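Accompanying notes for the structure given below.
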Amino acid sequence: MVGIFLSFCLWPTYAFPERMTRGDLLLYERRYEEAIAFWREALERSPEDVELLLRLGVALSLKEDYAEAERTLKRALQIKPEDPKLTYNLGLMYIRWGKDEEALRYLKRTLKLVDWYPEANYHIGLLYEKKGLEDEALKFYVREVNKNPACAGAWRRIFALRDRRRDVPTWAVVLVLGAAGLTLYWLAMRRGTI
């Protein structure tokens, strides 16, 4: 889960770039207290910096201070309400906190903002699978591999569910998903979006 948070929240920022490297390194080394202190200090100089708020929220979540992480990420969303990265990370924080309904709400909102957001469909599938709704989960896993064929987690869940059900042969799953992925790629190429 740490890798997922870091992969989406640690994109380049332009506020104090020399300071970001230090904070990101502290977070990577799991020195959460130091990272939190670092970003709080940076926020004193730039209290409306959404990237700093995002990083602080992630660090608080990883430290399991969920209430403070929620306040921080929601503050960032007040500043930039249509930001899919903030929305997605708030959804992930709710997963860590065990608030599945809130997580589902924010992950679905992420997909409304950006329908291909990496691993959003996958995490929604995990939440549905946790509820015992395997057919619904499978739909989201398939959507994930159609939008992001490199999502190994979604592929694993598809094959695990297929093995449990025994009603869909492996070759059929691969053929259908491969054809769907190629069709989407071809359409994107024709539209010039790739």
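Structure values in brief
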read-out: Test for PHE5: is it of a type outside the set (A, V, I, L, M) and either surrounded by fewer than 19 Cβ atoms within 10 Å (Cβ to Cβ) or at pLDDT 90 or above (or both); value: no
read-out: Counted residues, the range 31-77 - those being part of a helix (DSSP H, G or I), farther than 16 Å from GLY98 by Cα and not polar (S, T, N, Q); value: 29
read-out: Candidate set from the range 30-42 (those that are more than 24 Å from the chain's Cα centre (by Cα) and among the aliphatic types (A, V, I, L, M)); member that is nearest to GLU64 (Cα to Cα); value: ALA37
read-out: Odd one out for GLU82, checked against (1) touching a residue at least 24 places away in the same chain (Cβ under 8 Å); (2) part of a loop (DSSP other than H, G, I, E, B); (3) more than 17 Å from ALA120 (Cβ to Cβ); value: (3)
read-out: Check on LEU25, modelled with pLDDT of 95 or more and touching a helix residue (DSSP H, G or I) at 6+ places or on another chain (Cβ under 9 Å); value: no
read-out: Pair list, Cβ < 8 Å and 6+ apart or interchain, from the range 38-51 residues that are in contact (Cβ under 8 Å) with a residue 24 or more places away in the chain to residues that are part of a helix (DSSP H, G or I) and surrounded by fewer than 19 Cβ atoms within 10 Å (Cβ to Cβ); value: ALA42/ARG19; GLU48/ILE79; ASP49/LEU43; VAL50/ILE79
read-out: Close pairs (7 angstrom Cβ cut-off, 6 or more residues apart or separate chains): under 10 Å from PRO118 (Cα atoms) and in contact (Cβ under 8 Å) with a residue 12 or more places away in the chain in the range 146-160, of a type in the set (D, E, K, R) and part of a helix (DSSP H, G or I) anywhere; value: CYS151/GLU144
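The values are calculated or read from the model by the stated rules, or taken from the named source; none is laboratory data. The structure presented is a predicted model; accordingly, all values stated were derived computationally and were not measured. All Cβ positions, even for glycine, are placed from backbone atoms using ideal geometry, and neighbour counts span all protein chains on display.
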